[in-house]
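A.B. asks: One structure is given below, represented as structure tokens, and several questions about it will come after.
The values are calculated or read from the model by the stated rules, or taken from the named source; none is laboratory data. None of these values were measured; they are calculated from a predicted model. Here the Cβ positions follow ideal geometry from the backbone for every residue, glycine too, while neighbour counts run over all protein chains shown. To get the accessible areas, we keep the full protein, side chains included, count just its heavy atoms, and leave off ligands, DNA and RNA. Shrake-Rupley method; radii C 1.70, N 1.55, O 1.52, S 1.80 Å.
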Amino acid sequence: MNFIIKGRQQGKTYKLIIASEVTGYPILVSDSRRKVFLEDMAKEMGCYIPEPMTYERHRRYPDGFHGEILIDDAEKIIEKSLENTLGCKVVAVTITDRSSN
């Protein structure tokens, strides 16, 4: 697993769109507003990417997609997932970058 860690407006989504075009992997996003933003951004960049999937759509149809995905704004996906399954709010997370081992 690779991580793109930068501040706001520093090109994370740009890099993810490029990765999606190169690999053909869809991007999982937190909501439909973000999906439209990604589609518009990819179009402006001249990139052809698979249709992004919203968290809610993927959650409703868990057997509808198997394979590799890219995740935009992972912290939002983690928050939604835990709030929906456990009813708790995420305060902090740690992540190990295994690609550096």
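A.B. asks: Residues THR96, THR85, THR13: which one is among the hydroxyl-bearing types (Ser, Thr, Tyr) and either open to solvent by 100 Å² or more (accessible area, probe 1.4 Å) or modelled with pLDDT of 80 or more (or both)?
C.D. replies: The unique qualifying residue is THR13.
A.B. asks: If you go through region 69-98, how many residues are of a type in the set (A, V, I, L, M) and touching an Asp or Glu at 6+ places or on another chain (Cβ under 9 Å)?
C.D. replies: Of the residues in region 69-98, 2 are of a type in the set (A, V, I, L, M) and touching an Asp or Glu at 6+ places or on another chain (Cβ under 9 Å).
A.B. asks: Turning to a different aspect of this structure: Being of a type in the set (Gly, Ala, Ser) and surrounded by 16 or more Cβ atoms within 10 Å (Cβ to Cβ) is the requirement here; does SER32 meet it?
C.D. replies: No: the conditions fail for SER32.
A.B. asks: Return a yes/no flag: does region 63-72 have any residue that is at pLDDT 95 or above and not hydroxyl-bearing (Ser, Thr, Tyr).
C.D. replies: No, that holds for no residue.
A.B. asks: Going residue by residue through region 41-62, is there one that turns out to be of a type outside the set (Val, Ile, Thr), within 22 Å of THR96 (Cα to Cα), open to solvent by less than 40 Å² (accessible area, probe 1.4 Å) and over 10 Å from the mean Cα position of the chain (by Cα)?
C.D. replies: Scanning region 41-62 turns up no residue that is of a type outside the set (Val, Ile, Thr), within 22 Å of THR96 (Cα to Cα), open to solvent by less than 40 Å² (accessible area, probe 1.4 Å) and over 10 Å from the mean Cα position of the chain (by Cα).
A.B. asks: Here is a check on your reading of the model: is PRO26 under 14 Å from ILE77 (Cβ atoms) and open to solvent by less than 50 Å² (accessible area, probe 1.4 Å)?
C.D. replies: In short, yes.
A.B. asks: While we're looking at this one, here's another question. Pairs please, first residue from region 1-16 and free of Cβ contacts under 8 Å to residues at least 40 places away in the same chain and within 17 Å of ILE49 (Cβ to Cβ), second anywhere and among the aliphatic types (A, V, I, L, M) and open to solvent by less than 60 Å² (accessible area, probe 1.4 Å), Cβ atoms under 8 Å, 6+ apart in sequence or on different chains.
C.D. replies: Within 8 Å, the pairs are ILE4/LEU16; TYR14/MET41; TYR14/MET45.
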